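Engineer: Here it is, the structure, as structure tokens.
The values are calculated or read from the model by the stated rules, or taken from the named source; none is laboratory data. These figures come from a predicted structure and were not determined experimentally. When we count neighbours, we look across all protein chains shown, and the Cβ atoms used for this are built from the backbone with ideal geometry, even at glycine. Ligands, DNA and RNA are excluded from the accessible area calculation, which covers all protein heavy atoms including side chains. Shrake-Rupley method; radii C 1.70, N 1.55, O 1.52, S 1.80 Å.
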Amino acid sequence: QKEVEQNSGPLSVPEGAIASLNCTYSDRGSQSFFWYRQYSGKSPELIMSIYSNGDKEDGRFTAQLNKASQYVSLLIRDSQPSDSATYLCAVNTVAGGTSYGKLTFGQGTILTVHP
Amino acid sequence: GAVVSQHPSWVICKSGTSVKIECRSLDFQATTMFWYRQFPKQSLMLMATSNEGSKATYEQGVEKDKFLINHASLTLSTLTVTSAHPEDSSFYICSSTQETQYFGPGTRLLVL
């Protein structure tokens, strides 16, 4: 079983729709969760971080975390063609109850927003 | 977000040569940096954790003698790919961490 798993995609949504990206993780002790966006040929850029259960909103982006279900998601409202990219879910690896910054990435979901 | 730079942005070299990639944390001091590698259509794979003033910690399966990491100052980590071969061709990305990881722009390596 992969440590961090994302829905396989690719995901295609029309402009203006809501894009929903999902991620599950296996390490129940994980503390920090991140969504990165990666355009083709570029390095990842941080979109959202979330640390506690519930929703966190930033502009058109909402991250949702459910630690009991070991599930984190990203919603993109009013999707734009410029949102077309690969979205990476990343989870902070925790060992011995201490976080030391290592991230484990999912395989990524390719999102295409078509006009 | 934090600014992390990498140099060079791309490099082409002959098989058997060594290539050094620099990663700089420009607006904060980083005791820890990370080196990743990404092959086409794959996700990021952590290679090693670079620790300022001490030895790097390598992930399982990564050859420490082939991928030399030096973190001599709080703002600079270097990755040297020694005796590079075509299978080492990849996108190498570093990150610097201040609670959250910020990535450099990456270095694309092509070994002929």
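Engineer: Checking the structure you have, find out if any residue of region B:26-48 is within 9 Å of another protein chain (Cβ to nearest Cβ), at positive phi and under 13 Å from the mean Cα position of the chain (by Cα).
Structural biologist: Checked against the condition, which is being within 9 Å of another protein chain (Cβ to nearest Cβ), at positive phi and under 13 Å from the mean Cα position of the chain (by Cα), region B:26-48 yields no hits at all.
Engineer: For residue B:29, state whether it is closer than 30 Å to residue A:111 by Cβ and open to solvent by 30 Å² or more (accessible area, probe 1.4 Å).
Structural biologist: Details: closer than 30 Å to residue A:111 by Cβ: no; open to solvent by 30 Å² or more (accessible area, probe 1.4 Å): yes.
So residue B:29 fails the test.
Engineer: Next question, about the same structure. Here are some conditions: (1) open to solvent by 80 Å² or more (accessible area, probe 1.4 Å); (2) closer than 25 Å to residue A:12 by Cβ. Residue A:53 meets all but one. Which one does it not meet?
Structural biologist: Of everything listed in (1) open to solvent by 80 Å² or more (accessible area, probe 1.4 Å); (2) closer than 25 Å to residue A:12 by Cβ, residue A:53 misses just condition (2).
Engineer: Which of the strands (runs of 3 or more DSSP E) found entirely inside region B:1-55 contain at least 3 residues meeting this: under 27 Å from residue A:3 (Cα atoms)? Break it down stepwise before answering.
Structural biologist: Values: elements: B:4-7, B:10-13, B:19-25, B:32-38, B:45-51.
Per the criteria, B:32-38, B:45-51.
Engineer: Restricting the search to region B:72-89, which residues are in a strand (DSSP E or B) and open to solvent by 10 Å² or more (accessible area, probe 1.4 Å)? First the steps, then the outcome.
Structural biologist: Applying the first criterion (in a strand (DSSP E or B)) to region B:72-89 yields B:72-73, B:76-81.
Correct list: B:72, B:73, B:76, B:78, B:80.
Engineer: While we're here: What pairs come out if I take residues in region B:52-63 that are under 15 Å from residue B:94 (Cβ atoms) and pair them with residues that are part of a loop (DSSP other than H, G, I, E, B) whose C-beta lies under 6 Å away, six or more apart or interchain?
Structural biologist: So the pair list comes out as B:52/B:31; B:52/B:74; B:58/B:64.
Engineer: Let me ask something else. Looking only at strands (runs of 3 or more DSSP E) that fall completely inside region A:1-93, which ones have 1 or more residues that are without any contact (Cβ under 8 Å) to a residue 24 or more places away in the chain and of a type in the set (Gly, Ala, Ser)? Lay out the reasoning, then the answer.
Structural biologist: Numbers: elements: A:4-6, A:11-14, A:19-25, A:33-38, A:45-50, A:54-58, A:61-66, A:71-76.
In region A:1-93, the matching strands (runs of 3 or more DSSP E) lie at A:45-50, A:54-58.
Engineer: Go through region B:90-112 and give me each residue that's among the aliphatic types (A, V, I, L, M) and assigned to a strand (DSSP E or B).
Structural biologist: Just the residues of region B:90-112 that are among the aliphatic types (A, V, I, L, M), to begin with: B:93, B:109-112.
Passing the criteria: B:93, B:109, B:110, B:111.
Engineer: Any residue in region B:76-105 that's touching a residue at least 60 places away in the same chain (Cβ under 8 Å): show its pairings with residues that are acidic (Asp, Glu) and open to solvent by less than 30 Å² (accessible area, probe 1.4 Å) at Cβ separation under 6 Å, as long as the two are six or more apart or on different chains.
Structural biologist: Filtered contacts from region B:76-105: B:81/B:88.
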